[in-house]
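The values are calculated or read from the model by the stated rules, or taken from the named source; none is laboratory data. Every value quoted in this text rests on a predicted model; they were computed, and no experiment measured them. Note that we place each Cβ from the backbone using ideal geometry, even for glycine, and neighbour counts take in every protein chain shown.
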Amino acid sequence: MSAARELPAAEMPELPLLSVDGLSKFYGARLGCIDVGFDLYPGEVLAIVGESGSGKSTLLSLLSGRLAPSAGRIRYRMRDGELRNVLGLTEAERRLLMRTDWGFVHQDPAQGLRMAVSAGANVGERLMAVGQRHYGDIRATATDWLGRVEIDSDRIDDAPRAFSGGMRQRLQIARNLVTHPRLVFMDEPTGGLDVSVQARLLDLLRGLVDDLGLSVVIVTHDLAVARLISHRLMVMRQGRVIEAGLTDQVLDDPREPYTQLLVSSVLQV
Amino acid sequence: MAAAHASPAAPALVLDRIGKTFTMHLQGGARLPVVRDVSFSVAPGECVVLGGPSGAGKSSVLKMIYGNYRCDQGAILVRDGSELVDAAAAEPRRIIRLRRQRVGYVSQFLRVIPRVSALAVVAQAAVAFGLPEGLAGARARDLLARLNLPERLWSLPPATFSGGEQQRVNIARGFVATHDILLLDEPTASLDAKNRAAVVDLIHERKRAGSAIVGIFHDDDVRERVADRIVDITRFAAAA
């Protein structure tokens, strides 16, 4: 009855893609985040929630190599299977990782895009960074990716300056995913958007994450976004992870006083 | 070696003295005991109905089995092939895998996903279970038809549907995969007699196919037609 539907072993590999322990950041005497540790497995979406100043953005910057930690360790499983200390990589290795195997989706698309060059060039640039040179191939791949993020192909030569907020965010996602990264960091990706645009983007993200088997670390203050898109949740407060677990378990049965407050503060419609 | 293999009579699900107390920190740390020492097991092909008045903790027990609620005490053993997994202590990703492959759940209300059509909501559950997309779509259409959801609604997102229509999408979603264990939380509450009968048929089919079912049913007639055994949850009331 069950033999035919066992998932292939590759679908649930037992080795973490990202392994973090004791990660801390101090800004002088001020605390950014302290003693954060977790393992992220292939295909897992981890949401980090908390209010402004909770340390969630600091943590994302540390994880993605945009900020140096005061203490702790970040290890990443390279495509050859080796678990490497990210902080010990050479600058060239780290940049290659960020251009190819990792993605970063900013809340403000202007930070992740080049606003003055065309949509096609924004996507194509990441491909050229990994060594693609054939103009026709690059343009074909860029067109394909614009389609996947629901941007009409006749907009390929327009600059994102001429795009709406939602389109810019979808373009930023295409730019990140075109190199088939295995790990994508997202900082409030739906943050600045109208609610109707948010729903479309979330649905698009869910589909892409499933189809591509991406691992994602997403920072959001919106518990509904976390519920819709993540498997696991970490709740941060004053720089510490105060509660973590299966997303619907933490949201349906919050244990910590602060998590109970967060969950009960969400307006129901 | 023989012990590692499940015999046909081995239970699909065993609850071993599970207990739950909520601590409400926003109400001054008030403790709300729900259940204590709940123990029962469910065999493949068997439907166990949870009995007791509302507030007895029936839904909480289902949510503990599915992993929405934490379990303070005891073990929840789920058969996963030749392995027994304690869902009360498992890692999140292990629970996600159990939900994908072994444990289905029809909640009281559909949690609506924006922009996704009713048909896709149902088919996605089958794809997550591992069915190929073509078969998933065919099964989804078959179930929506059996549950009498008008075909003109299939391509629309369920957000604007009536309660009964949403619940039928939710039921189709739970039955589209053939999980070994199926948890049903008042699936017939907002349905008319014709659709209640359709759900009863679906439950009978799943029992014949060997699924272990744990359900909560408001209507006496549905309960009598599907239950092999009633477990009265008031027996496990936790002392306040």
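Looking at the stretch A:180-218, which of the residues that are outside any helix (DSSP H, G or I) and more than 22 Å from A:Ala110 (Cα to Cα) is farthest from the chain's Cα centre (by Cα)? Break it down into steps so the answer makes sense when it comes.
Of the residues in the stretch A:180-218, the ones outside any helix (DSSP H, G or I) are A:180-194, A:213-218.
Okay, now just the ones that are also more than 22 Å from A:Ala110 (Cα to Cα), so A:182, A:213-215.
Working: A:Arg182: 10, A:Gly213: 13, A:Leu214: 9, A:Ser215: 8 Å.
Selected residue: A:Gly213.
Which members of the stretch B:54-67 meet the condition of being in contact with a helix residue (DSSP H, G or I) (Cβ under 7 Å, 6 or more places away or on another chain) and assigned to a loop (DSSP other than H, G, I, E, B)?
Matches in the stretch B:54-67: B:Ala56, B:Gly57, B:Gly67.
Tell me which residues, restricted to the stretch B:43-62, are crowded, with 23+ Cβ neighbours inside 10 Å and under 19 Å from B:Leu98 (Cβ atoms).
B:Val61, B:Leu62, listed by residue number.
For the stretch B:213-240, how many residues are buried (at least 20 other Cβ atoms within 10 Å of the Cβ) and either charged (D, E, K, R) or part of a strand (DSSP E or B) (or both)? Can you show your working first?
From the stretch B:213-240, those buried (at least 20 other Cβ atoms within 10 Å of the Cβ) are B:213-217, B:222, B:226, B:231, B:233, B:236; that's our starting set.
If we keep only those that are either charged (D, E, K, R) or part of a strand (DSSP E or B) (or both) too, we end up with B:213-216, B:231.
Qualifying residue count, the stretch B:213-240: 5.
Considering only residues of the stretch A:222-239 that are away from every other protein chain (no Cβ under 11 Å) and surrounded by fewer than 18 Cβ atoms within 10 Å (Cβ to Cβ), which is modelled with the highest pLDDT?
Per the criteria, the residue is A:Gln238.
State whether one or more residues within the stretch A:111-134 are crowded, with 19+ Cβ neighbours inside 10 Å and assigned to a strand (DSSP E or B).
No, that holds for no residue.
Residue check: is B:Gly164 in contact (Cβ under 8 Å) with a residue 24 or more places away in the chain, surrounded by 13 or more Cβ atoms within 10 Å (Cβ to Cβ) and in a loop (DSSP other than H, G, I, E, B)? Reasoning before the result, please.
Working: in contact (Cβ under 8 Å) with a residue 24 or more places away in the chain: yes; surrounded by 13 or more Cβ atoms within 10 Å (Cβ to Cβ): yes; in a loop (DSSP other than H, G, I, E, B): no.
For B:Gly164, the condition - in contact (Cβ under 8 Å) with a residue 24 or more places away in the chain, surrounded by 13 or more Cβ atoms within 10 Å (Cβ to Cβ) and in a loop (DSSP other than H, G, I, E, B) - is not met.
For the stretch B:9-47, what are the residues that are facing another protein chain (nearest Cβ under 10 Å) and either in contact (Cβ under 8 Å) with a residue 40 or more places away in the chain or not in a strand (DSSP E or B) (or both)? Spell out how you get there, then give the answer.
Filtering the stretch B:9-47 down to residues facing another protein chain (nearest Cβ under 10 Å) leaves B:20, B:22-27, B:29, B:44.
Once the filter is applied, which keeps residues that are facing another protein chain (nearest Cβ under 10 Å) and either in contact (Cβ under 8 Å) with a residue 40 or more places away in the chain or not in a strand (DSSP E or B) (or both), the stretch B:9-47 yields B:Lys20, B:His25, B:Leu26, B:Gln27, B:Gly29, B:Pro44.
Restricting attention to the stretch A:30-50, and to residues there that are among the acidic types (Asp, Glu) and within 27 Å of A:Gly207 (Cβ to Cβ), which single residue is surrounded by the most Cβ atoms within 10 Å (Cβ to Cβ)? Step through it out loud before you land on a result.
Within the stretch A:30-50, the subset among the acidic types (Asp, Glu) is A:35, A:39, A:44.
Adding the requirement that they be within 27 Å of A:Gly207 (Cβ to Cβ) leaves A:39, A:44.
Values: A:Asp39: 16, A:Glu44: 23.
Here the answer is A:Glu44.
Go through A:Asp158, A:Asp152 for me and flag whichever is of a type in the set (Asp, Glu), over 16 Å from the mean Cα position of the chain (by Cα), at pLDDT 95 or above and not assigned by TED's automatic domain parsing to the domain that holds A:Arg95.
Details: A:Asp152 fails: at pLDDT 95 or above.
Matching residue, one of A:Asp158, A:Asp152: A:Asp158.
Failed condition for A:Val263, given (1) of a type in the set (Val, Ile, Thr); (2) crowded, with 21+ Cβ neighbours inside 10 Å; (3) more than 9 Å from chain B (Cβ to nearest Cβ), with all others met?
Only one criterion is unmet by A:Val263, namely (2).
Scan (1) assigned to a strand (DSSP E or B); (2) within 14 Å of another protein chain (Cβ to nearest Cβ) for the single condition A:Glu14 breaks and write down its number.
Among (1) assigned to a strand (DSSP E or B); (2) within 14 Å of another protein chain (Cβ to nearest Cβ), the lone unmet condition for A:Glu14 is (1).
When the residues of the stretch A:242-260 are filtered to those that are surrounded by fewer than 22 Cβ atoms within 10 Å (Cβ to Cβ) and assigned to a strand (DSSP E or B), which remaining residue is nearest to the other protein chains (Cβ to nearest Cβ)?
A:Gly245
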